[in-house]
Amino acid sequence: MAWNEPGGGDKDPWGNRGGNNDGPPDLDEALKKLQEKLGGIFGGKSGGSGNGGSSKGLGGLLIGAIVIASIFYVISGVYQVDEKERAVVLQFGAFSEIKQPGLRWNAPLITEVFVENVTEERQYPSRGLMLTEDESIVELPITVQYNVSDVKAYVLNVRDPEVSLRHAADSALRHVVGSTELEQVLSEGRGKIAEEVEDRLQQYLDSYGTGIMVRDVNIQEGRPPEEVRAAFDDVIKAKEDEERLKNEAQAYANAVVPAARGTSQRMLEEAEAYKAEVVSRAEGETERFLNLLAEYQKAPEVTRQRLYIESMEEVMSKSSKVMVDVEGGNNMMYLPIDKLMESNSASQGGRGNATLTQEQLRQISDYVARQLGRTNTTYREGR
């Protein structure tokens, strides 16, 4: 039954038991009652006039302090996790959870929060003297780029992950350089060394459980110690000169060898062409001789005369002398055409080529005709 229903009597929920049901009591009165109860708990007397007043003041201060402390307690537990960060929460020293980005709150003194940046690319530069495989000392600078891949392992597994990273990087670098010759360290072998160092360093960090991911390892130019730098510079210069001369020799070979190959190929092709020409000519001569033999067998005398005439024509066409053979006689007429041409050239003063004019040719023809006529007449009279 509700207190305000008929027959409910004087059941006032605000403590008004005097029968004066005019409404709820004043808030100041309720606070005073609370102060009196707290004062009784801490040894105060609610009935005294003087001591009761001091007890009430002390209780009020205590309540205010508790309220203020509660406010500070709540505020101190509020924190912000950025987009690049993750928060590891420990409750009573044991892992509880990983907080994602946003405004978070954890109870102080009960929980402990570690906020770490998990996307930032961090760097660790290092340099030092180390011994190579061929027992040479070299100074090799190195830069390791990394970030946090497992924030829980980064916070809980290793006391100081940065120190572990430095020790592991130095150990991996010295191990790889110790198995590499000095020439490779100072020249083109640095890329391979960086890859081996990165793989070995990642293996070390994974075995430690650091939660660190190695992104890249950059090895800068290796340097010898200062005491022997001049000698190393001379060696490097000599190697550069050797490489330059090799490149020049290779360029010369690239220019000469193709030309020689082209010349040899051309000579081979010319030889093949000459061979084909000679064979074809020989085959043609053989075919012509066989045809001539067949004609000779049919008419030996005619063929013999024709061959003689063709042979003499071929031979005498290249000579400047003309010899006329008279049939049935023992005399042979000689026409010194070369002398005639020389005399003609001398008469012209040595200018131009030695050629016969039409008049001179006509005179020579007449002379030859007269001589032939006389020879034939003498031959007939003798008979």
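The values are calculated or read from the model by the stated rules, or taken from the named source; none is laboratory data. Note that the coordinates shown come from a computational prediction; the quantities given were computed from them, not determined experimentally. Virtual Cβ from ideal backbone geometry, glycine too; neighbours counted across all protein chains shown.
Details
- Candidates ALA251, ALA259 - the one that is under 24 Å from the mean Cα position of the chain (by Cα) and either farther than 30 Å from VAL155 by Cα or in the same structural domain as GLU162 (by TED's automatic domain parsing) (or both): ALA251
- Residues in segment 99-148 that are under 20 Å from GLY191 (Cβ atoms) and basic (Lys, Arg): ARG127 alone.
- For segment 181-200, the criterion of a residue being polar (S, T, N, Q), over 30 Å from PHE232 (Cβ atoms) and surrounded by 15 or more Cβ atoms within 10 Å (Cβ to Cβ) is satisfied by no position.
- Condition check for GLU83: part of a loop (DSSP other than H, G, I, E, B) and not β-branched (Val, Ile, Thr): yes
- Residue pairs whose Cβ atoms lie under 9 Å apart, separated by 6 or more positions or on different chains, with the first residue in segment 230-244 and under 12 Å from LEU186 (Cα atoms) and the second surrounded by 10 or more Cβ atoms within 10 Å (Cβ to Cβ) and of a type in the set (S, T, N, Q), are ILE236/SER187; LYS239/SER187.
- Test: GLU314 is modelled with pLDDT of 85 or more, of a type in the set (Asp, Glu) and outside the structural domain of GLU135 (by TED's automatic domain parsing): no
- Residues in segment 151-182 that are outside any loop (DSSP other than H, G, I, E, B) and without any contact (Cβ under 8 Å) to a residue 40 or more places away in the chain: GLU162, VAL163, HIS167, SER171, ALA172, HIS175, VAL176.
- Residue list for segment 101-139, restricted to those being assigned to a loop (DSSP other than H, G, I, E, B), modelled with pLDDT of 80 or more, out of contact with any Asp or Glu (no Cβ under 8 Å at 6 or more places or on another chain) and aliphatic (A, V, I, L, M): ILE110
- Test: residue in segment 140-150 that is more than 26 Å from the chain's Cα centre (by Cα), at pLDDT below 90, buried (at least 20 other Cβ atoms within 10 Å of the Cβ) and part of a loop (DSSP other than H, G, I, E, B): no
- Failed item, numbered, when GLY211 is tested on (1) more than 25 Å from the chain's Cα centre (by Cα); (2) not assigned by TED's automatic domain parsing to the domain that holds GLY128: (2)
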